[in-house]
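Q: Supplied in structure tokens, the structure appears directly below.
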Amino acid sequence: MLERLAGLLEFQLKTKEMLTSAVRYPIFVVTTLVVASIVLINFVIPRFAVLFRGARMQLPLPTRVLLAINDVFQGYATFLLFAVIVLAVAFVFYKRSKPGTLLIDRLKLRIPLIGPIILKICMSRFANMFENLIKVGIPVVRTLEVVSRTVGNEYIAQRILEIGGKIEKGMGIARPLKEAGIFPSLVIHLVSTGEQTGSLEEMLNEVSTHYDREITYSISRLSTWIEPILTAGLSLMVLFLALAIFLPWWNMMGALRGGG
């Protein structure tokens, strides 16, 4: 059992390193984008705003949108900063509360690309710990109490405790798993098979092995999904800024040529 637990801890550390590596580039890009936006709003756009507003001509839509965004940030900078700080502090306190932790952990499971990976990690921990504890003869209800503290997601942990309560009242394992509404059909099917055939430990091992492979594959695929999305987002931003800044110049040059 100690070897299995050591292997589980090693795999969790490896998973954490893979996730950190996968999100390092996106975090760098987003941080750079935020810094660049602050510089543009505070130093670059105001100079163009004076020039464009002084021109007696109809400004293109991208330019009007850019100037409107600039006006909002310039006029309400202090208020926006204060609002961000208040919201950040409120979020931290809410996250520490029981309802806040439950809601945030539930929402994590719905995040595109990231949510499915979180669920797979939780399922792997659930099956691995469940298998190891029942293998040494710990009662199922007590096992589920311990497992709920190891899955790493409070929302799933609450569902596991509810399953334990139903088993304590005389139900089997598979039905409460299905009623919990969070466990994938594969987990429910294999646990049900193991329960009916007396091979629950083997089926739980199949579950953890399957999700360990899925976690590795999903994390490796994460970068291939995120990078094109970031590239597309950056391209759209650059295109918008180019149109907002250069379209008025082209219009003014055209007007000068026409007037000449």
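Q: Could you put Leu243, Leu236, Leu222 in order, starting from the residue whose Cβ has the fewest other Cβ atoms within 10 Å? Each step should come with its number before you reach the end.
A: Numbers: Leu243 17, Leu236 10, Leu222 20.
With the fewest neighbours first, Leu243, Leu236, Leu222 line up as Leu236, Leu243, Leu222.
Q: In whole angstrom, how far apart do the alpha carbon centroids of the stretch 204-253 and the stretch 105-162 sit?
A: For the stretch 204-253 versus the stretch 105-162, the Cα centre distance is 30 Å.
Q: At a Förster distance of 45 Å, what's the computed FRET efficiency of Val30 paired with Glu195, Cβ-Cβ distance as r, to 0.05? Don't jump to the answer; show the numbers that get you there.
A: Numbers: r = 46 Å, r/R0 = 1.02.
About 0.45, to the nearest 0.05.
Q: Moving on. Pick from Val35, Val140, Val191: which residue has the top mean-square fluctuation in a GNM of the chain where Cα pairs under 10 Å get a spring?
A: Residue with maximal mean-square fluctuation among Val35, Val140, Val191: Val35.
Q: I would also like to ask the following. Compute the FRET efficiency between Ser235 and Ala77 as 1/(1 + (r/R0)^6), taking r as their Cβ-Cβ distance and R0 = 25 Å, and round to the nearest 0.05. Spell out each step's value before the answer.
A: Values: r = 28 Å, r/R0 = 1.12.
The computed FRET efficiency comes out at 0.35.
Q: Could you give the nm distance between label points at Met252 and Glu162, where each point is 7 Å from its Cα heading toward the beta carbon?
A: 6.3 nm
Q: If you don't mind, another one. If the elastic network links every pair of Cα atoms under 10 Å, which of Gly181, Gly170, Gly233 fluctuates the most in the Gaussian network model of the chain?
A: Result for the chain, Cα springs under 10 Å: Gly170 fluctuates most.
Q: Let me ask something else. Please list the three semi-axes, largest first and in whole Å, of the ellipsoid equivalent to the chain, using sqrt of 5 times the eigenvalues of its alpha carbon gyration tensor.
A: Values: eigenvalues 607, 78, 47 Å².
Over the Cα atoms of the chain, the semi-axes work out to 55, 20, 15 Å.
Q: Can I ask one more? Please give the length that would be gained between Ile85 and Val39 if that part of the chain were fully extended, namely 0.36 nm times their separation in residues minus their C-alpha to C-alpha distance (nm, one decimal).
A: Working: separation 46, 0.36 × 46 = 16.56 nm, distance 2.01 nm.
Once the chain is fully extended between Ile85 and Val39, it gains 14.6 nm.
Q: Same structure, new question: Let me confirm the definition first: pairs of Lys residues in the stretch 27-259, 8 or more apart or on different chains, C-alpha distance under 25 Å. How many are there?
A: Step by step, the pairs that qualify in the stretch 27-259 add up to 16.
Q: How large is the helix-only mean residue ellipticity at 222 nm for the chain, computed as the sum of -39500 (n - 2.57) over DSSP H runs with n ≥ 4, divided by its residue count, in deg cm²/dmol to the nearest 500?
A: Working: 11 runs with 220 residues, N = 260.
The helix-only estimate for the chain comes to -29000 deg cm²/dmol at 222 nm.
Q: Please compute the contact order of the stretch 27-259 in relative form: average sequence separation of alpha-carbon pairs under 8 Å and at least six residues apart, divided by the residue count, as a percent. Don't skip to the answer; put the middle values down first.
A: Working: 173 pairs, mean separation 51.9, N = 233.
RCO, the stretch 27-259: 22 percent.
Q: Calculate I(q)/I(0) for the stretch 168-248 by the Debye formula, one identical point scatterer on each C-alpha and no solvent, and give its log10 at q = 0.16 Å⁻¹ to two decimals.
A: Cα-only, vacuum Debye calculation for the stretch 168-248: -0.74.
Taken together, the values in this text are just the output of simple stated rules run on the coordinates, not laboratory data. Note that this is a predicted model, so its numbers are computed, not measured. Cβ atoms come from the backbone with ideal geometry, glycine included; neighbour counts cover every protein chain shown.
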